[in-house]
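Just below is one structure, and these are the notes that go with it.
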Amino acid sequence: MLKATTYGDVTRFDLARTLAGKGRYWTTAYLVDGWLVDAGCAFSAPELVKSLADKPLAGIVNTHTHEDHIGANGRLQRERAGLPIRAHPLALPVLADPRGRQPLHPYRQVMWGWPEPSQGQPVSDGEVIETGRYRFQVVYTPGHSLDHICLYEPEQGWLFTGDLFVGGRDRALREGYDIWAIIASLKRIAPLPAKRLFPGSARVRDNSAEEIAAKIEHLEELGERVLALHQQGRSVDQIVHALLGGPMLIEFITLGHFSRRRLVLSYLKANSQ
């Protein structure tokens, strides 16, 4: 399923697998000045490719290599010979061999599917990606993944955050995420004078500074409470019960791979090293 929304020169594509006539597990891609920021999941790739068929496409930038962000890479690169795909250097092996480098749990196969291989070119922290009209600064922002980047266009005040910032008050985390690195990366983008924030899912925001600051405050406060209870001798399960409420549906769907417990463990990991 695909829904397109225009924000000035930016077209947002909300993308999802269609199940029982409804879109499930949405992700987002953006088209700006001929460049695609992320490419949805494998299940939505045919619709995205069709939607882009009559549009010039100069390249793709992947904010990171999770399967719901690189799904149309391979097909677009096959159909448009020589199409460049830019990503962090750590992302390139995953793009080239998604199945070998990034095994998917069953729920991820069902939600988003296996991406096709694609060939990427490295982009480094601080580098500028120039389109015809805009200049996007690359900001390295690990935590959600080791290869995560954000893109900032200073003249327009656009900030594309991938999955570093999607809003909300986190109650759970996926295995492999680093909550303290996420906080550090949020602090890195917080000083940017962004006017509009384009996340990798959830709504576009125009009060970027306030939203990012609130997110940092929430995550730091939660971390302090987790560490305090841990120092009192509370177990992980006791901390979960005290701070994060009751069970979440996503915990059952992912068999615990995305859970409240994973969030607590990530807060405690750095403290135990």
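Laboratory data are not the source of any read-out in this text; all were calculated from the coordinates shown. Predicted, not measured: the structure shown is a model, and the values here were computed from it. So basically every Cβ, Gly included, is an ideal-geometry build from the backbone, and we count neighbours across all protein chains shown.
Mean residue ellipticity at 222 nm, helices only, the chain: -9500 deg cm²/dmol; runs of at least 4 DSSP H residues each add -39,500 (n - 2.57), and the sum is divided by the number of residues.
Between segment 76-152 and segment 14-41, the alpha-carbon centres lie 15 Å apart. Taking 0.36 nm per residue of sequence separation and removing the Cα-Cα distance, the Glu224/Asp125 pair yields an extension gain of 32.7 nm. Other residues lying with their Cβ under 14 Å from the Cβ of Tyr140 contribute a combined charge of -1, Lys and Arg counting +1, Asp and Glu -1.
Partner lysines whose Cα lies under 19 Å from the Cα of Lys55, excluding those fewer than 8 positions away in the same chain, are identified as Lys3.
Here the dipole of segment 1-133 is about 480 debye; that uses its Cα centre as origin and unit charges on the Cβ of Lys and Arg (positive) and Asp and Glu (negative). Simple point charges give the picture: +1 on the Cβ of Lys and Arg, -1 on the Cβ of Asp and Glu, and for segment 208-273 a dipole about the Cα centre of about 360 debye.
Dipole orientation for segment 150-201: of the candidates Ala181, Gly157, Gly168, Gly168 has the Cα lying most toward the positive pole (charges on Cβ; Lys, Arg +1; Asp, Glu -1). Counting beta carbons within 10 Å around each of Ile179, Ile149 and listing the fewest first gives the order Ile179, Ile149.
With +1 on each Lys and Arg Cβ and -1 on each Asp and Glu Cβ, and nothing else charged, work out how big the dipole of the chain is about its Cα centre, in Debye to the nearest 20. Present the calculation step by step, with values, prior to reporting the outcome.
Working: 32 positive and 30 negative charges, 125 e Å.
Magnitude of the dipole: close to 600 debye.
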